[in-house]
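Q: Can you read through this structure? Questions will come right after.
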Amino acid sequence: MSALAVYVPRDSVVHRLPAGVKLVLLAVAAAGTLSLGRAWQVAVALAVVALLYGVARIPVRTAVDQVRPLVWFLGALGAFQLVVVGWERAVVVLGGMLALIMLAALVSLTTRTTAIVDVVVRALQPLRRVGVDPERVGLLVALGIRSVAVIIELARDVRQAQLARGVGSSPLAFVVPLVVRTLRHADRLAEALVARGVDD
């Protein structure tokens, strides 16, 4: 199983924080990244994130696994920013995004999915009177969190099969089977939900 955003049990201050507090702090941090304007500010933000991972006692390998699937995307984004707006703005945009991704991953790594879902369900209770089903939204959140790790694992399997067949680095040979496997997984998940009467 992929180590991406999978809960890592530890006895740390970060783990003991209530899920609701973590989600609020994550939202505040997301707003804070918009105010980053200099490279040194990004360096401080990344240092704080690294410190939080250390306090949570998350292994370095697990931390690296959180961004490894996004290396190509972040690299392309950084190159584009470098050409268009210069090196410092590229560092700010890329660093701010990296810090936010790592923080979001830290929330998942230190918080059980059930706790996150409970917070979402409780927060949406007032919207029940206007037709929102908090439990269904909570289920979607849980499935979304779970599906990220599943798709990463599917991508890893496709890549290994690609290398075993000597296909090399053909994007088409990677994307097509990944899409097919992802759709099959979605179909099986939908069938399971219908069989359990969760959805129509």
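The values are calculated or read from the model by the stated rules, or taken from the named source; none is laboratory data. Everything numeric in this text was worked out from a predicted model, so none of it was measured. Positions of Cβ are generated from backbone atoms using ideal geometry, with glycine treated the same way; all protein chains shown enter the neighbour counts.
Q: Quick one: which of A47, A79 is farther than 30 Å from A155 by Cβ, more than 19 Å from the chain's Cα centre (by Cα), of a type in the set (A, V, I, L, M) and part of a helix (DSSP H, G or I)?
A: Going through A47, A79 in turn, just one is farther than 30 Å from A155 by Cβ, more than 19 Å from the chain's Cα centre (by Cα), of a type in the set (A, V, I, L, M) and part of a helix (DSSP H, G or I): A47.
Q: So the check is Cβ under 6 Å with 6+ separation or different chains; which pairs have a first residue in the range 85-101 that's under 13 Å from L34 (Cα atoms) and in contact (Cβ under 8 Å) with a residue 60 or more places away in the chain and a second one that's surrounded by 15 or more Cβ atoms within 10 Å (Cβ to Cβ) and of a type in the set (S, T, N, Q)?
A: Matching pairs, first to second residue: G96/T33; L100/T33.
Q: Determine, yes or no, whether V107 is at pLDDT 85 or above, closer than 25 Å to A155 by Cβ and assigned to a helix (DSSP H, G or I).
A: yes
Q: Now for a separate question. Of the residues R128, R146, R159, R184, which is surrounded by 10 or more Cβ atoms within 10 Å (Cβ to Cβ), at pLDDT 75 or above and closer than 27 Å to Q66 by Cα?
A: R184
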